[in-house]
Amino acid sequence: MDKKEFIRTAITAVSGSKYPAGIAVAQAAHESAWGASQLSLKANNYFGIKAHGDAESIAFPTIEVVNGKSVTLQARFARYPDVGACFADRDRIITQLACYQDARANASDPELFARCLARHWATDPKYAEKLLKIYRDNKLEKL
């Protein structure tokens, strides 16, 4: 899938979200390598969402930043029936978890929303900047 096709697919999946669409597309692009990652191809997981409890899952190595150092760990990731289910779960996570309160409160400002989201979504201290670069470079603010 090329970038244009990925963006079209992601726009369809994010329709109806109350959170900034362009940030969701940028985050999905970053987390899934524009839909080319094994996690997105094998599990329809475009956001690196970890599995919890008895949820259907798939194991993959992942890079996390621990005490300022990048380490590779094995993790269980959620498996989804389709891309829409993955995008819906992302919205559910942001809506329900208390740690995303600041992101919810800043949903009308996409760049601030991304910065608030990044504080808890990923361990990479440069995560927000990576999302915002994709957001700006691909003119996703127009979504």
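Structure data summary
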{"read-out": "Within region 82-97, tally of residues that are among the basic types (Lys, Arg) and open to solvent by less than 20 Å² (accessible area, probe 1.4 Å)", "value": "1"}
{"read-out": "Of residues in region 40-81 being charged (D, E, K, R) and open to solvent by less than 100 Å² (accessible area, probe 1.4 Å), the one nearest to residue 122 (Cα to Cα)", "value": "64"}
{"read-out": "Hits in region 98-143 - residues which are under 17 Å from residue 11 (Cα atoms), buried (at least 18 other Cβ atoms within 10 Å of the Cβ) and without any contact (Cβ under 8 Å) to a residue 24 or more places away in the chain", "value": "none"}
{"read-out": "Qualifying positions in region 92-114 - within 12 Å of residue 20 (Cα to Cα) and of a type in the set (D, E, K, R)", "value": "104, 109, 111"}
{"read-out": "First in region 1-29 and at pLDDT 95 or above and open to solvent by 30 Å² or more (accessible area, probe 1.4 Å), second anywhere and polar (S, T, N, Q) and not in a loop (DSSP other than H, G, I, E, B), Cβ under 9 Å, 6 or more apart", "value": "18/95"}
{"read-out": "Any pair with Cβ under 9 angstrom, 6 or more apart, that starts in region 52-79 at a residue that is over 18 Å from residue 40 (Cβ atoms) and ends at one that is assigned to a strand (DSSP E or B) and among the acidic types (Asp, Glu)", "value": "70/64; 71/64; 72/64; 73/64"}
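The values are calculated or read from the model by the stated rules, or taken from the named source; none is laboratory data. What you see is a predicted model; the values in this text were computed from it and never measured. So basically every Cβ, Gly included, is an ideal-geometry build from the backbone, and we count neighbours across all protein chains shown. All accessible areas refer to the heavy atoms of the entire protein, side chains included, with ligands and DNA or RNA removed. Shrake-Rupley method; radii C 1.70, N 1.55, O 1.52, S 1.80 Å.
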